[in-house]
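> Sharing a structure below in structure tokens format, with a few things to ask.
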Amino acid sequence: MILSDKTIREYLSCGRLSIDPIEPGQIQPASVDIRIGDTYSIVEESCDGIIRLGSEIRYKTIQSERYLLMPGQFVLATTMEYFRLGDDLTAFVEGRSSIGRLGLFIQNAGWVDPGFEGEITLEVYNASRCAIELEAGRRVGQLVFAQLDRRAKNPYRGKYQGQRGATGSRIYLDEEI
């Protein structure tokens with residue numbers, strides 16, 4: 001079940017959901033607007049130009065109120081908000097249509113697991129032919145919350161728990177399959 005604005009407010013009041021900071025205008029009929037923060041991370045090029053999934057990836061991190069995203073450029077960004085989801089809540093990250101119509105794609109893996117706590121790292125891509133200026137505090141997406149039928153037996157306590165800032169991939173920490 002997708003949470004309504006009324007339920008989101010109730011969950012925020014009783015602590016089943018925490019979003020900090022949050023402005024009342026961010027709560028929409030069935031979602032909460034997310035704003036881009038001031039931290040960006042860019043994959044550093046390796047000497048051979050190959051990203052190896054089993055190796056630690058190096059990033060250059062920049063903190064700035066404004067970031068100029070060039071055409072075809074990809075950057076990690078962070079939400080301004082820090083989230084705490086209960087063990088019975090999940091969320092979906094969705095872009096805003098107004099932003100997508102400019103050729104700016106805001107995404108993350110798309111899914112926030114029950115029990116997650118932290119800022120959400122966003123994958124940002126400029127698909128347009130013009131540079132796009134990103135500005136901290138700008139609404140760029142939305143989080144849609146859903147109620148699980150019961151608490152998760154194994155809520156999220158993984159490698160991104162408590163993250164702050166644009167957090168690079170930690171895939172190299174995965175066990176081999």
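> What number of residues within the range 1-35 are part of a helix (DSSP H, G or I) and open to solvent by less than 20 Å² (accessible area, probe 1.4 Å)?
Going through the range 1-35 one residue at a time, the tally reaches 2.
> Applying the selection to the range 63-78, what residues are over 11 Å from Ile36 (Cβ atoms) and open to solvent by 50 Å² or more (accessible area, probe 1.4 Å)?
Those that are over 11 Å from Ile36 (Cβ atoms) and open to solvent by 50 Å² or more (accessible area, probe 1.4 Å): Gln63, Leu68, Met70, Pro71, Phe74.
> Say we look at the range 36-55 and pick out the residues that are within 16 Å of Tyr67 (Cβ to Cβ) and in contact (Cβ under 8 Å) with a residue 60 or more places away in the chain; which of these is surrounded by the fewest Cβ atoms within 10 Å (Cβ to Cβ)?
Val43
> Please count how many residues of the range 111-143 are part of a loop (DSSP other than H, G, I, E, B) and either over 19 Å from Ser18 (Cα atoms) or of a type in the set (Val, Ile, Thr) (or both).
7
> Another question, then. From the list Ala91, Ala146, Ala166, pick out the single residue that is farther than 17 Å from Ile22 by Cβ, open to solvent by less than 70 Å² (accessible area, probe 1.4 Å) and modelled with pLDDT of 95 or more.
Checking each option against the conditions leaves just Ala146.
> Mind checking which residues of the range 36-72 are assigned to a strand (DSSP E or B) and β-branched (Val, Ile, Thr)?
Hits for the range 36-72 are Ile36, Thr39, Ile42, Val43, Thr61, Ile62.
> Suppose the filter is of a type in the set (Phe, Trp, Tyr), open to solvent by less than 50 Å² (accessible area, probe 1.4 Å), part of a strand (DSSP E or B) and touching a residue at least 24 places away in the same chain (Cβ under 8 Å); does Phe83 pass it?
It is true that Phe83 is of a type in the set (Phe, Trp, Tyr), open to solvent by less than 50 Å² (accessible area, probe 1.4 Å), part of a strand (DSSP E or B) and touching a residue at least 24 places away in the same chain (Cβ under 8 Å).
The values are calculated or read from the model by the stated rules, or taken from the named source; none is laboratory data. What you see is a predicted model; the values in this text were computed from it and never measured. Every residue, glycine among them, receives a Cβ derived from its backbone with ideal geometry; neighbour counts consider all protein chains shown. Surface areas here come from the heavy atoms of the whole protein model, side chains and all, with no ligands, DNA or RNA. Shrake-Rupley method; radii C 1.70, N 1.55, O 1.52, S 1.80 Å.
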